[in-house]
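The values are calculated or read from the model by the stated rules, or taken from the named source; none is laboratory data. Quick caveat: nothing in here was measured; it's all calculated off a predicted structure. As a convention, Cβ positions derive from the backbone with ideal geometry for all residues, glycine included, and neighbour counts pool all protein chains shown. Remember, those area values only see protein heavy atoms, side chains included, never the ligands or the DNA or RNA. Shrake-Rupley method; radii C 1.70, N 1.55, O 1.52, S 1.80 Å.
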Amino acid sequence: MKKIMIIMLILVAFGMNAFAQGITFGVKAGANFSNLKISFDSEGASPDGATSIYLGGLMDVGLSEKMHFQPELLYSMEGAKDADVSYVNIPLMLKYYLVEGFNIQAGPQVGILVDAEGGTDGLKGTNFGLNFGAAFEVVGGFFADARYNLGLSNIAEEEPGFEDISLKTKGFQLGVGYRF
């Protein structure tokens with residue numbers, strides 16, 4: 001919880017400075033369609049996926065007419081059926097506008113473990129991933145977006161006798177938002 005508060009304070013301080021430069025802020029929420037990739041002794045499996053939610057805020061920084069930087073702070077429920085894992089995710093998205101109102105985006109993401117079904121024992125406190133997506137903006141600040149997150153880090157703690165286990169997140173998000 002202390003880490004989350006520090007990150008929020010840094011983002012607010014950065015946001016106050018950015019606001020003075022004409023940068024926009026917004027909120028977003030949507031559905032997560034996620035799963036876990038489990039590997040053991042070089043063999044992989046995926047349990048049944050889960051459908052859950054995400055919500056949070058964003059800041060949009062115009063770097064040029066076609067290029068924008070969009071850091072976000074999202075609470076996200078992920079994982080698989082009967083194996084929910086909740087994170088505070090910080091995606092750092094670079095957006096490129098193909099035409100007015102439509103952009104493609106990509107960027108890294110760090111997740112801070114908040115909770116897990118059955119407890120957080122055996123799970124690492126951070127998760128790193130890579131996002132790819134697109135968004136369509138409509139008049140008045142509203143937008144819809146779709147994004148795929150590929151978990152890059154093994155979130156399972158190494159335990160004696162289980163060194164070969166790898167547990168990675170992956171998921172697809174559909175959401176809507178509003179920029180002020």
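Structure summary
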{"quantity": "For Thr126, residues with placed amide H under 5 Å, excluding near neighbours", "calculated": "Leu113"}
{"quantity": "Interchain or long-range residues, amide H under 5 Å from Phe25's placed H", "calculated": "Asp60, Phe180"}
{"quantity": "The stretch 28-35 - phi-based ³J(HN,Hα) in whole Hz, Karplus 6.51/-1.76/1.60, Gly and Pro as x", "calculated": "8, 7, x, 9, 9, 10, 10, 7"}
{"quantity": "In order through the stretch 165-179: 3J(HN,Hα) via Karplus (6.51 cos²θ - 1.76 cosθ + 1.60), integer Hz, x for Gly, Pro", "calculated": "8, 10, 10, 10, 8, 7, x, 10, 10, 10, x, 10, x, 9, 9"}
{"quantity": "Stokes-Einstein translational diffusion, the stretch 39-174 - Kirkwood Rh over all Cα pairs, 0.692 mPa s, 37 °C, in µm²/s", "calculated": "203 µm²/s"}
{"quantity": "Residues with amide H under 5 Å from that of Phe142, placed H, sequence gap 5 or more", "calculated": "Arg179"}
{"quantity": "Solvent-accessible heavy-atom area per residue, rounded to whole Å², over the stretch 50-180 at 1.4 Å", "calculated": "49 Å²"}
{"quantity": "Cut-off 12 Å between beta-carbons: net charge of the residues surrounding Ile104, Lys and Arg +1, Asp and Glu -1", "calculated": "+2"}
{"quantity": "Mean separation of Cα contacts under 8 Å, 6 or more apart, over the residue count of the stretch 69-180: relative contact order %", "calculated": "20 percent"}
{"quantity": "Carbon + sulfur, % of accessible area of the stretch 26-180 - ligands and nucleic acids excluded, 1.4 Å", "calculated": "63 percent"}
